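Trainee: Dropping the structure in here first, questions after.
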Amino acid sequence: MPAGDIERDALTGEIVAGAIEVHKALGPGLLESIYEECLAYELSDRGLHVIRQVPLPVVYKGRTMACAFRLDLLVNDLVILEIKAIERVLPVHEAQLLSYMKLANKRRGLILNFHTPLLKDGITRRVL
């Protein structure tokens with residue numbers, strides 16, 4: 001496995017550990033924005049570089065369109081995090097993450113659904 005992949009695997013492991021810590025402290029049932037803010041704090045406290053609500057422009061035929069998406073969290077400029085607090089993750093949520101990963105040219109992405117009793121059951125990992 002290339003060194004970059006090992007680094008990213010360790011990084012996603014640290015992200016998941018931080019998310020579990022947040023979930024243990026808060027439990028399910030809160031708004032996504034609360035989990036996002038607390039997770040950003042937790043990951044920053046662990047020494048990771050976290051940016052919230054990253055604008056993601058859409059470029060079509062070489063032109064940047066006025067519309068844009070927002071990534072919930074971008075960690076170490078490598079991993080996109082989509083924060084959810086929903087009954088269950090649907091294929092449309094996974095497609096959303098994959099689209100964000102392609103548009104942002106990032107290989108790793110996680111959907112973290114904090115609405116589950118155990119966070120390990122609410123983690124969706126994707127790699128391009």
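Trainee: Using Cβ contacts closer than 10 Å as the measure, can you line up Val16, Val79 from fewest to most?
Mentor: By the 10 Å Cβ count, ascending: Val16, Val79.
Trainee: Sticking with this structure for a sec: Give me the net charge of His93's neighbourhood, meaning all other residues with Cβ under 14 Å from the Cβ of His93; Lys, Arg count +1, Asp, Glu -1. Mind dumping the intermediate values first?
Mentor: Working: positive: Lys84, Arg88, Arg125, Arg126; negative: Glu32, Asp72, Glu82, Glu87, Glu94.
Residues close to His93 contribute a combined charge of -1.
Trainee: Same structure, new question: Go ahead and set up a Gaussian network model of the chain, Cα springs under 10 Å, then flag whichever of His23, His49, His115 fluctuates most.
Mentor: His49
Trainee: Considering lysine pairs in the chain that are 8 or more places apart or on different chains, how many have Cα atoms under 25 Å apart?
Mentor: 8
Trainee: Now for a different question. Among Cys67, Cys38, rank each residue by its count of other Cβ atoms within 10 Å, from fewest to most, as a rough exposure measure.
Mentor: Numbers: Cys67 8, Cys38 20.
Sorted ascending by nearby Cβ count, the order is Cys67, Cys38.
Trainee: Computed from the coordinates I sent, Rg and Dmax of the Cα atoms in Å equals one of (1) 14.4, 46; (2) 14.2, 49; (3) 25.1, 91. Tell me the label.
Mentor: (1)
Trainee: Between beta-carbons, use under 13 Å as the cut-off and find the net charge around Asn113, counting Lys and Arg +1, Asp and Glu -1. Don't skip to the end; give the middle numbers.
Mentor: On the way: positive: Lys84, Arg88, Lys120, Arg125; negative: Glu32, Glu36, Asp72, Glu82, Glu87, Glu94, Asp121.
Once all neighbours under 13 Å are counted, the net charge is -3.
Trainee: When a/c is below 1.5 the answer is rounded, else prolate if a/b is larger than b/c, else oblate, so apply that to the range 39-97 with a ≥ b ≥ c taken from the square roots of the Cα gyration tensor eigenvalues.
Mentor: oblate
Trainee: If r is the Cβ-Cβ distance from Asp77 to Leu118 and R0 is 35 Å, what FRET efficiency results, to the nearest 0.05?
Mentor: 0.75
Trainee: Work out, step by step, the length gained on full extension between Leu30 and Ser44: first 0.36 nm times the residue separation, then minus their alpha carbon distance; give nm to one decimal. Walk me through the intermediate numbers first.
Mentor: On the way: separation 14, 0.36 × 14 = 5.04 nm, distance 2.10 nm.
Additional length available on full extension: 2.9 nm.
No value in this document is a laboratory result; all are computed from the given coordinates. What you are looking at is a predicted structure, and each value in this text was computed from that prediction instead of being measured. All Cβ positions, glycine included, derive from the backbone under ideal geometry; neighbour counts span all protein chains shown.
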